[in-house]
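**Q** Could you have a look at this structure, given as structure tokens, before my questions?
Here, each number is a calculation from the coordinates, and none is a lab measurement. It should be emphasised that the depicted structure is a prediction, and the values quoted were computed from it without experimental measurement. Positions of Cβ are backbone-derived with ideal geometry, glycine not excepted, and every protein chain shown enters the neighbour counts.
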Amino acid sequence: MGTACTLIPGDGIGPDITEATLAILEAAGATFDWDRQVAGAAGVQEKGTPMPDETLASIRRTRLALKGPLETPVGDGYRSVNVALRQTFDLYANVRPARDIVPGGRYEGIDIVLIRENTEGLYAGLEHYIRVGDDPQAAAESIALVTRVGSERVIRYAFDYAVRHGRQKVTLVHKANILKFSQGLFRSTGQKIAKEYEGKLAFDERIIDAAAMQLVIDPNRFDVIVTTNLFGDILSDLVSGLVGGLGLAPGANIGREAAIFEAVHGTAPDIAGQGIANPSALTLAACLMLEHIGDRFRADRVRRAVESTIRGGKSLTRDLGGTATTKEFTDAVIAHIT
Ligand code: NAD
């Protein structure tokens, strides 16, 4: 019997890439005791709600979930289930590793892990309009909430992550030159924590605008990055762009009570049901999950198989310039497992 884990196949291409990932995990000897649940559009269809109680109860019990992409209706309809899950389980750290896997890309040797604070900052949801005279919406105010506790937990997570993964350096990205209070608190909290890791990890800091430029000019100077919510949101897509887009990007949402692992991409409605989706991002998310539960051996085994399949260039899915189906790609990954 393996580790208990909630499995949410998700919507659109979700079920296809989930089955592919399960087959690869099984071939690599990673056994989980899966508890299948629904959410998103599948939740509405089967249980009448995008976030069924059974799904939440399952995550509460297993504290671990692998999640396919979930559909969020634009405009009217239910709120993003992804945001709701983040809030329900207080998933404070969003982890987005980016490595260049596809050969011949714009950059080589990129291996960056971006850790974004996931619950506070400008995305804390503290917004209101201000009435002036007859105009009820004459101004709008959004509060960028930064707390010492919130900063400490995500920055400490970043440092611990760096140590656990044999990384060399943590870069704290901020805008404390202008936002002296909120960004200043995040920065000074980071400086204090960095002292505890002196001798184990190098530490530096960059102002967000300079960091964005340096990431494009010389991304190899970055290793682990930790930053606040809005900056992290933008930089994580920038970093995915350096290594060829969202199709290969895994993500993890980490909290004290649960951790949820997912592909960064969405449900790909344009190719859903065609059996041609690339399962790599979800499979790599499963690797992050294996690392999270301490199974580095199988995480490396699966990651190596995915990377060598892609570098081999023979069985690539359409998004990577090939013609392979999800099944053919999956079989090739399984054949590469050593
Ligand atoms: P998307 O990521 O689903 O698709 C963007 C493009 O990338 C499409 O052309 C798609 O075919 C392609 N693509 C994405 N994943 C792929 C894969 N694994 N293999 C091959 N091609 C792939 O983004 P979108 O179209 O903006 O969003 C569609 C839906 O997904 C929306 O309902 C959105 O709310 C949802 N979404 C969910 C999540 C999540 O659950 N984490 C994240 C982003 C978007």
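**Q** Between Glu108 and Ala335, what FRET efficiency follows from the Cβ-Cβ distance if R0 is 25 Å, with the result rounded to 0.05?
**A** Working: r = 26 Å, r/R0 = 1.05.
Calculated value: 0.45.
**Q** What is the distance, in nm, between label points placed 7 Å from the Cα along the Cα-to-Cβ direction at Glu205 and at Asp237?
**A** Result: 2.8 nm between the two label points.
**Q** Taking H as built 1.01 Å from N, whose amide H comes closer than 5 Å to the amide H of Ala4, not counting residues under 5 places away?
**A** Those qualifying (amide H under 5 Å, at least 5 residues apart or on another chain) are Asp33.
**Q** What full-extension length gain, to one decimal in nm, is calculated for Val74 and Gln137 as 0.36 nm per residue of separation minus the Cα-Cα distance?
**A** Values: separation 63, 0.36 × 63 = 22.68 nm, distance 2.33 nm.
Fully extending the segment from Val74 to Gln137 adds 20.4 nm.
**Q** Note down the relative contact order for the chain as a percent, whole number, built from C-alpha pairs under 8 angstrom at least six residues apart. Present the calculation step by step, with values, prior to reporting the outcome.
**A** Values: 686 pairs, mean separation 74.0, N = 338.
It comes to 22 percent, rounded to a whole number.
**Q** Here is a follow-up. Pairs of lysines 8 or more apart, or on different chains, with alpha carbons under 18 Å: count those in the chain, would you?
**A** Values: Lys47/Lys67; Lys169/Lys192; Lys169/Lys195; Lys169/Lys200; Lys175/Lys192; Lys180/Lys192; Lys192/Lys200; Lys314/Lys327.
Qualifying lysine pairs in the chain: 8.
**Q** Once all Cα-Cα distances of region 24-112 are split into 10 Å bins that start at 0, what whole-number percent is in each one?
**A** Using 10 Å bins, I get a P(r) of 13, 34, 29, 20, 4 for region 24-112.
**Q** So, one more: Based on the mean of other beta carbon atoms within 10 Å per residue, what is the order of 89-96, 143-150, 103-110, 276-283, most packed first? Before the final figure, lay out the partial values.
**A** On the way: 89-96: 21.0, 143-150: 16.5, 103-110: 11.5, 276-283: 27.0.
The most tightly packed comes first, giving 276-283, 89-96, 143-150, 103-110.
**Q** How long are the three semi-axes of the equivalent ellipsoid for region 272-338, computed from the Cα gyration tensor as the root of 5 times each eigenvalue, in whole Å, largest first? It would help to have the intermediate numbers written out before the result.
**A** Values: eigenvalues 97, 34, 14 Å².
In descending order the semi-axes read 22, 13, 8 Å.
**Q** Under a point spin-label approximation (7 Å from Cα along Cα-to-Cβ), what is the Val216-Val83 distance to one decimal in nm?
**A** 2.8 nm
**Q** So which trypsin sites (Lys or Arg not before Pro) in region 239-321 pass both tests, a DSSP loop state and at most 14 other Cβ atoms within 10 Å of the Cβ? Can you show the working numbers first?
**A** Working: sites: Arg256, Arg296, Arg298, Arg301, Arg303, Arg304, Arg311, Lys314, Arg318; in loops: Arg256, Lys314.
When the trypsin sites (Lys or Arg not before Pro) of region 239-321 are filtered for loop state and at most 14 Cβ neighbours within 10 Å, Arg256, Lys314 remain.
**Q** Continuing with the same structure: Over the residues of the chain, compute the C-alpha Rg and express it relative to 2.2 N^0.38 Å. Intermediate results must be reported in sequence, preceding the final value.
**A** Working: Rg = 20.3 Å, N = 338, 2.2 N^0.38 = 20.1 Å.
For the chain, the normalised Cα radius of gyration comes out at 1.01.
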